[in-house]
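In what follows, a single structure is set out as structure tokens and then discussed.
Values in this text are rule-based calculations from the coordinates and carry no lab data. These numbers come from a predicted model, not from an experiment. Every residue, glycine among them, receives a Cβ derived from its backbone with ideal geometry; neighbour counts consider all protein chains shown.
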Amino acid sequence: MQNSSTPLTPSQEAALGLVMQGADGDETITHETATDLLAAGGFERPEAWDLLEQLLLKGYIDESTDELRLTG
């Protein structure tokens, strides 16, 4: 997934890949599940939280009340 106006760092790319793989075809995933997936993938929980926030800010995921929606 590439968006030239909002490029991802290697860590952000890895995080997005883990979340997309963990979502397993689902369009939405809870914030807690996404954080757990990133932690299981080797990121510390605070770093996982920051990476999800960066993906939100760059438009690769959207946030609703209790879920994250994958936009790519």
* Pull up the range 28-72, narrow it to residues that are assigned to a strand (DSSP E or B) and either within 13 Å of GLN12 (Cα to Cα) or of a type in the set (Lys, Arg) (or both), then point me to the one that is nearest to the chain's Cα centre (by Cα). => ILE61
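I'm trying to understand the selection: among the residues of the range 18-47, which are surrounded by 13 or more Cβ atoms within 10 Å (Cβ to Cβ) and either touching an Asp or Glu at 6+ places or on another chain (Cβ under 7 Å) or more than 18 Å from ASP62 (Cβ to Cβ) (or both)?
Hits for the range 18-47 are THR28, ILE29, ASP36, ALA39, GLY41, PHE43, GLU47.
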